[in-house]
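Take a look at the structure set out below.
Nothing in this text is a laboratory measurement; each read-out follows from the coordinates by a stated rule. A quick note: this is a predicted structure, and the numbers were derived from the prediction, not measured. Here the Cβ is made from the backbone with ideal geometry for all residues, glycine too, and neighbour counts use every protein chain on show.
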């Protein structure tokens, strides 16, 4: 009888633990099937930033952005601003409808108009472009609109932009919701740290690490998990059936 009771207690404890685990996972939508492109910048050398999703959207270096060992998670990329006009071209990702962009950035004395991520045709056409402006981060389609009301200069910060597929985009900074603005956004060829108009400089100066686009509108809880754990660790909590051997080549965040 004691053995039976002990087994029942162990079973109950196990079920409670599993329930808690899956409760924490239930709201998250991110897995490899929704990752359109993911660049972890772990190579530390070369002229290409590998796409760690299965979509082959490797980033091509333009004008020599530099590798650095001072990334948020190991190595990252360093951009010197207007001097070299360096950026990483990742091309047309086929994005539409619901989209989420997440990234780590450490801006170096961010000047007005310094770009984070840009479309190749923005902002001459309705397009997706993000920039620093004063203490805010703004997004462009038909006009500049602030979605992150305040960021920290010369510090690592986690940025997220969530497009709901209904004409709204919400900004998040360090896991906290910022502003929601309404506009219509299109995505064409995308560059990291780029200003494709090339009229007034406005190239990013600072560090980038762990950038990803998802084909879903992630929740604030999802973004918090990604920020806290890093991209690989956040995705690795999913059942093995949702993962592929791709993860064997991706780092585990500390």
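Segment 134-187 and segment 57-120 have Cα centres lying 16 Å from one another. Label sites at residue 174 and residue 55, each approximated as a point 7 angstrom past Cα along Cα to Cβ, lie 3.0 nm apart. Here each label is just a point 7 Å from Cα along the line to Cβ, and for residue 43 and residue 143 those points are 4.1 nm apart.
Calculate, in nm to one decimal, what residue 228 and residue 189 gain on full extension: separation in residues at 0.36 nm each, minus their alpha carbon distance. Intermediate values should be presented prior to the final figure.
Working: separation 39, 0.36 × 39 = 14.04 nm, distance 2.93 nm.
Here the segment from residue 228 to residue 189 would lengthen by 11.1 nm.
How many times 2.2 N^0.38 Å is the alpha carbon radius of gyration of segment 134-180? If you can, show how the numbers build up before the last one.
Working: Rg = 10.7 Å, N = 47, 2.2 N^0.38 = 9.5 Å.
The value comes to 1.13.
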